Each structure stands twice: as C-alpha cells, then as structure tokens.
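Here the structure comes first, spelled out in structure tokens, and everything after it is commentary.
The values are calculated or read from the model by the stated rules, or taken from the named source; none is laboratory data. Here the structure is a predicted model, which is why all the values come from computation and not from measurement. We place every Cβ from the backbone using ideal geometry, glycine too, and count neighbours over all the protein chains shown. Areas reflect the complete protein model, heavy atoms only, side chains present, ligands, DNA and RNA absent. Shrake-Rupley method; radii C 1.70, N 1.55, O 1.52, S 1.80 Å.
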Amino acid sequence: SVSNIVPESCLLIVVGLLVGGLIKGVGEKPPILKSDIFFLFLLPPIILDAGYFLPLRPFTENLGTILIFAVVGTLWNAFFLGGLMYAVCQLGGPGLNHIGLLANLLFGSIISAVDPVAVLAVFEEIHINELLHILVFGESLLNDAVTVVLYHLFEEFANFEQVTILDIILGFLSFFVVSLGGVLVGVIYGVIAAFTSRFTSHIRVIEPLFVFLYSYMAYLSAELFHLSGIMALIAAGVVMRPYVEANISHKSHTTIKYFLKMWSSVSETLIFIFLGVSTVAGHHYWNWTFVISTLFFCLIARVLGVLVLTWFINKFRIVKLTPKDQFIIAYGGLRGAIAFSLGYLLDYEHFSMRDMFLTAIITVIFFTVFVQGMTIRPLVDLLAVKKKQETKRSINEEIHTQFLDHLLTGIEDICGHYGHHHWKDKLNRFNKKYVKKCLIAGERSKEPQLIAFYHKMEMKQAIELVESGGIGKIPSAVSTVSIQNINPQTLPLERVLPALSKDKEEEIRKILRTNLQKTRQRLRSYNRHTLVADPYEEAWNQMLLRRQKARQLEQKMNNYLTVPAHRVDSPTMSRARIGSDPLAYEPKEDSENLPIITIDPASPQSPESVDLMSEEPKGCSGLPPSPEEDEEGLVMRVKEPSSPGTDDVFTPGTGDSPSNQRMLRCLSDPGPRPEPEEGEPFIPKGQ
C-alpha cells in the first residue's frame with residue numbers, strides 16, 4: 001500500500017539513508033557511490049535494457065521532437081541555469097564571489113540533464129500513455145551526448161588561461177563527433193553481434209552471452225574515446241535485436257529478456273540505495289542562497305524551455321502537444337544519479353567548491369524524485385491524462401497499421417514528397433534485399449513474414465507442451481521444426497520449409513505485386529479535353545440491358561410455372577369475381593370439358609350458406625347439357641340442405657376425387673397479376 005503512494009525510487013533512497021545512518025552510528029565509514037563503479041557497472045544494464053526493448057515505431061515517429069527536447073532543451077537549461085547562477089554568485093556575498101563563469105556553466109551542464117534511471121523508475125509506475133513516455137524517456141536517453149560534450153568542454157576550458165573563438169567552434173563540432181561517433185560504434189557492434197548469431201545453432205547455451213558481451217564492448221569502446229556510451233548502447237541494442245531474435249532459439253530469447261530485466265532492476269536498486277548512503281557519508285557544504293537559487297532556477301528553466309520548444313514543435317506536428325502534455329513533460333524532468341556521479345568526478349584542485357556543488361545536486365535530486373515523483377501520479381489522475389493501453393493490439397489493428405503505412409508511402413510517391421514514410425520504405429526494401437541475407441541464417445531471411453510468424457507460434461506451442469509434460473500428446477499439426485528447436489542437437493543443416501514450389505511462390509508474388517503495390521507506377525494525368533471514348537462502354541451497357549431483361553423474363557416464367565397451392569375462395573369472393581366481368585367467363589362453344597360453378601346469385605340465403613356445389617365438367621354426370629345452361633354459361637345453383645350429422649360448411653360430393661381437387665386448386669388460382677397494358681381475361685372470349 002505504501003508503494004502505491006510513494007515511488008519505489010523514493011523508498012530505496014530512504015533505505016539507503018537508514019543504512020548509511022546505521023553504518024555511521026556504529027563508527028564505520030559508509031561507502032560512497034564512486035563514479036567508476038556507477039558508469040562502468042551500474043549504468044550499462046539499465047541503458048541496454050532500455051535500448052534493446054525500445055519501442056521503435058513511436059521512437060522513430062517522434063524522433064524530431066525528442067531530438068529538439070534533448071539537444072536544444074538541454075543546451076537552454078545549461079546556459080540559462082549557468083548564467084543565472086553566475087549572477088547569483090556575483091551578488092551573493094563573500095562566500096560565492098570566487099566562483100567564476102566556467103564553473104557555473106559546468107555546474108549548469110551537470111544539473112540540467114534529465115536522468116533516464118529516475119524517469120524509468122517513476123514513469124513505469126504511473127503507466128502514462130506511450131507518446132508522453134517516449135518523449136520524456138527518449139529525451140533522457142539522447143541528452144547524454146550533450147551532457148558529455150558540455151561536461152568535458154567546460155572541464156577543459158577551466159584549465160585554459162584564455163578561451164578563443166577556435167576553441168568554441170571545436171567544442172561545437174565535438175558535439176557531432178561525440179553523438180554520431182557513439183551511434184556509429186553501437187551500429188558496428190550491433191552488426192557484429194547479429195553476424196555472430198548466424199553461427200550459434202550448435203551452441204545455443206552461450207547465445208545470450210554474445211548479446212551482453214558485444215553490447216558492453218560497444219559501451220566501453222565509446223567511453224574509451226570519450227564518445228557517448230549511452231548512445232552506443234542504444235544503437236547496438238536497436239540494430240542487433242531483429243536479426244539476433246531471428247537466429248537464436250526461443251529459450252535464449254527468454255533468457256536475454258529476463259536476465260536484462262533482472263540485471264537492470266538490481267542496478268537501479270543499488271543506485272538509489274547508494275544515493276542515500278552517499279548522502280550520509282559525503283562531505284557537504286550548505287549555502288542557502290546557492291542551493292535555493294539552484295532549485296528555483298532549475299524549475300523555471302525547465303518550464304520555460306518546454307513551453308517555448310513546444311510552441312515551435314507544434315507548428316510542424318500533426319498530433320499537437322496539448323497543455324496537459326506540456327505540463328507532464330515539464331514536471332517529469334527528474335534528475336538522478338548521473339548528475340551526482342558527474343559532480344563526484346570533479347577535481348578538488350580546479351573546483352574547490354565541489355562539496356557545495358554536490359550538496360546542491362543532491363538537494364535537486366531529492367526534490368525532483370520525492371516531491372515531483374510522489375505528486376505526478378495524482379496529478380495525472382486529476383488532469384485525466386490518457387493512460388497506457390494494457391491490452392495488446394489485435395491482428396486487425398496490426399494489418400490496418402501496415403496497410404496505412406503502404407498507403408501513405410504511395411501518397412508521398414504520387415505527390416513527389418519524400419517524407420519519413422518514403423525513406424522508411426526504402427530502408428525496409430534495402431534491409432530485405434541485402435542485410436537480412438547476410439545477418440540471418442538459413443532460409444529464414446527469404447521466407448514470407450506470415451510463414452515466419454506461423455513457425456514462431458508453432459515453436460511456442462511445442463515448447464509449452466514440453467514444459468507442461470505433454471511431449472507424448474503433441475498433435476500432428478506440430479511439425480518437426482518445433483521439435484528441432486526444442487532439441488537443438490538434432491537440428492538439420494537446412495530448415496524445413498513448407499512445400500511451396502518456386503513457381504507457385506513466384507505466381508503469388510506476381511499477383512500481390514500487380515494488385516497491391518502500384519505505388520511507383522506513373523499514371524497519365526487527368527484532362528477532360530483529352531479523354532478518349534471507351535469502345536467497350538456501349539457494349540457493356542447493351543450487355544447489362546439484355547441481362548436485366550432476361551432476369552425479368554425468368555422471374556415472370558417462374559411465377560407462371562410454379563403456382564403454389566391456393567386455398568379455395570369464399571363464395572362471396574367468387575360471386576364478386578364473376579359479377580365484376582361476366583362476359584369474360586363466357587364458355588366456349590365446345591365447353592363439354594369445362595367445369596361449371598353452380599351458384600345462385602339471386603339466392604335469398606346468406607352468402608355463408610352458398611358454397612361450391614359442382615365443379616365437374618358437363619357430361620361427366622351422365623346428363624346431357626340443357627339449352628338453358630348453354631345460354632347462361634355458368635349457372636349458380638342453390639346448395640341442397642345437408643342431412644343431419646354432416647358438415648354445414650363443406651359436404652363431400654361425387655366430384656371430390658383427388659384429380660378434381662387439383663383442378664379446383666388450379667382454377668381457383670388467378671395466376672400472376674397482369675400488367676396494365678397486357679391484361680387478358682381468365683378465359684378469353686371467342687377462343
């Protein structure tokens with residue numbers, strides 16, 4: 001319950017303070033966090049964990065914003081803070097007059113940089129949204145180059161008797177050398193690590209060792225030449241990860257993941273505990289004016305820098321940074337152990353005020369970690385800042401994201417604007433065509449992504465079965481590839497691929513290429529004056545009309561041929577039908593085979609008592625037709641009274657055989673509704 005209110009970093013510092021107080025209370029000298037131990041052993045695991053698992057897509061999409069905050073923002077903080085502290089020293093009395101401008105600028109460069117360890121410790125717990133997290137964390141990673149350059153620059157200038165314009169120009173150029181040199185060193189070691197992982201299929205046990213070894217060598221090589229070791233580690237982790245994970249086994253990947261997490265967590269714990277212990281053990285020189293001015297100007301410089309830079313950045317961003325985002329970015333500028341270690345590295349001979357600098361640095365660290373770190377969570381809830389999504393993105397979202405990337409690349413191609421989507425597509429093509437073939441072993445560099453994903457899921461399923469003890473129950477769907485990954489000593493020389501012939505694969509690629517990716521196909525521009533009539537358009541219209549007429553005719557025929565069994569009309573309906581058009585029901589001359597509907601229309605009885613009595617053809621009853629019936633056509637006869645016990649509604653007669661009932665249904669059905677222009681009587685007159 002305490003960790004929900006107080007960040008873990010604050011609790012660790014308190015533990016360090018208690019441990020240091022106990023050690024000092026028993027008369028021993030507490031250990032101090034030495035800079036060599038911090039920079040060589042404690043910092044690299046944290047940076048490697050951050051670089052290896054860096055969310056690459058949001059980082060690259062916001063790289064411009066991160067660089068502006070990291071470079072311009074850090075320079076602004078250093079010079080603004082150093083200049084104001086120099087003014088405070090000149091006005092602060094006899095205890096501060098001897099501190100010169102270069103010493104104050106050096107102090108400003110130490111205290112101005114945002115610390116990645118403190119940012120990770122606090123931002124991981126509040127679950128802030130991905131954009132704000134990557135902006136603050138990316139700034140804390142990339143400002144290392146600026147901090148290193150300014151620190152060494154002012155340290156060297158303090159030894160000079162006079163600083164010339166040439167020294168300033170060389171110092172400015174050294175920034176590019178330090179930052180780009182660190183990135184280059186990291187890329188080189190990342191490529192070497194990826195290439196080495198090609199040949200580790202028979203020694204799976206030591207695969208994780210190569211990742212740690214080459215990453216640490218990249219950091220040491222960069223620090224050896226006074227380059228940015230943090231940027232070297234980040235570059236090495238980002239470059240090696242996709243190729244190493246394609247080559248190593250699943251168990252090695254799990255080992256790398258959890259070992260890095262454990263290693264970075266242990267380093268972070270030791271750093272904050274040692275901060276507390278060093279606070280008790282170190283020599284301090286407290287000057288109220290200097291310490292309070294440092295704290296106040298740090299906050300002012302951070303807020304002004306974020307506001308001005310965000311106003312400039314929002315002119316070029318599609319997704320603008322809101323005032324809430326700006327507040328979180330400014331409030332999340334935490335300082336940590338890097339500033340303390342850099343202050344501890346200062347030499348007493350050239351910087352006699354080292355103890356006062358360390359006291360001010362520790363005060364700023366404690367204020368940012370305790371006050372800002374403890375209050376940022378309730379402020380995030382109070383401002384209703386968007387939180388991080390805990391659920392993973394669905395396959396549907398992944399597919400649509402990739403589709404939009406291709407779409408935006410095509411739009412940029414059509415417009416002739418070479419934005420970051422265009423260069424990202426170029427880099428992906430170069431990576432697939434050349435780099436993967438060199439750095440990924442076997443056929444994995446050539447197989448489609450979907451098949452590679454299938455093999456990855458298949459391997460995961462097989463390993464879960466083995467770990468659960470179900471090796472005897474492995475279904476037939478798990479191929480031999482999974483078993484070979486579980487038992488790497490039996491791995492064949494070539495990986496088994498699905499039975500997909502080269503011709504079939506080339507045909508699939510051709511279909512996809514011709515139908516999905518036409519981004520670089522130049523089309524004629526539209527001009528209404530140069531439009532050519534389509535010769536097939538009229539033929540298509542005629543074909544559609546003929547097809548429509550054929551469909552209508554077929555529908556009519558279906559209505560005529562498939563007559564449903566219709567219930568017998570009531571006497572009222574039959575009388576109304578005959579009375580509406582009596583001439584239409586005039587029988588033929590040879591009407592011996594036609595049925596007679598015998599109804600008496602002038603019957604005094606109610607319509608309910610009138611029913612169909614005889615529908616049998618004339619002559620079938622054995623009596624010859626009378627001349628009156630020939631003249632009258634259809635004769636309506638009164639229904640005879642039924643005998644007791646019979647049904648009053650319907651009485652079976654002699655003509656109620658199955659064939660006569662079928663004829664009754666056919667004759668009672670009016671058929672399809674006639675069209676207005678082609679209405680014909682049921683039994684046309686004169687036929």
So what are the three principal axis dimensions of the range 277-419 from its Cα atoms, in whole Å, longest to shortest?
64, 36, 26
Distance between Cα centroids, the range 30-57 to the range 240-275: provide it in whole Å.
12 Å
Using a 10 Å cut-off on Cβ atoms, rank the peptides 298-311, 177-190 from the highest mean neighbour count down.
177-190, 298-311
Relative to the compact globular guide of 2.2 N^0.38 Å, what is the alpha carbon radius of gyration of the range 1-64, as a ratio?
1.67
Neighbour net charge for residue 210 - beta-carbon separation under 13 angstrom, K R +1, D E -1:
+1
Starting at the first residue of the range 430-442, write each ³J(HN,Hα) from the Karplus equation 6.51 cos²θ - 1.76 cosθ + 1.60 with θ = phi - 60°, in whole Hz, x for Gly and Pro.
5, 5, 5, 7, 10, 5, 4, 5, 8, 9, 10, 7, x
Over the range 218-315, with every protein chain in place, what whole percent of the accessible area is carbon and sulfur at 1.4 Å, could you tell me?
73 percent
Using alpha-carbon pairs under 8 Å, 6+ residues apart, how would you state the relative contact order of the range 60-136 in percent?
35 percent
Consider all pairwise Cα distances in the range 55-138 and report the whole-number % of them above 22 Å.
43 percent
For the range 346-359, in residue order, the Karplus 3J(HN,Hα) values (coefficients 6.51, -1.76, 1.60; θ = phi - 60°; whole Hz; Gly and Pro = x) are 5, 8, 5, 5, 8, 10, 5, 8, 4, 5, 5, 4, 5, 4
Using a cut-off of 13 Å between beta-carbons, work out the net charge of the residues near residue 267 (Lys and Arg +1, Asp and Glu -1, residue 267 not included).
-1
Considering only C-alpha atoms, what is the centroid distance from the range 63-139 to the range 1-21, in Å?
24 Å
Any chance you could list P(r) for the range 191-315, counting all Cα-Cα pairs in 5 angstrom bins from zero, rounded to whole %?
2, 9, 11, 12, 12, 12, 12, 11, 8, 6, 4, 1, 0
Å³ per residue enclosed by the Cα convex hull of the range 355-402:
137 Å³
Given a 1.4 Å probe, the accessible area of the range 101-255 per residue, as a whole number of Å², is 39 Å²
The range 101-156 - Rg over Rh from alpha carbon coordinates, Kirkwood radius
1.11
Mean Cβ-within-10 Å packing, highest first, puts peptides 52-60, 110-118, 37-45 in the order 110-118, 37-45, 52-60
Report the Cα centroid-to-centroid distance between the range 162-218 and the range 375-389 in angstrom, as an integer.
37 Å
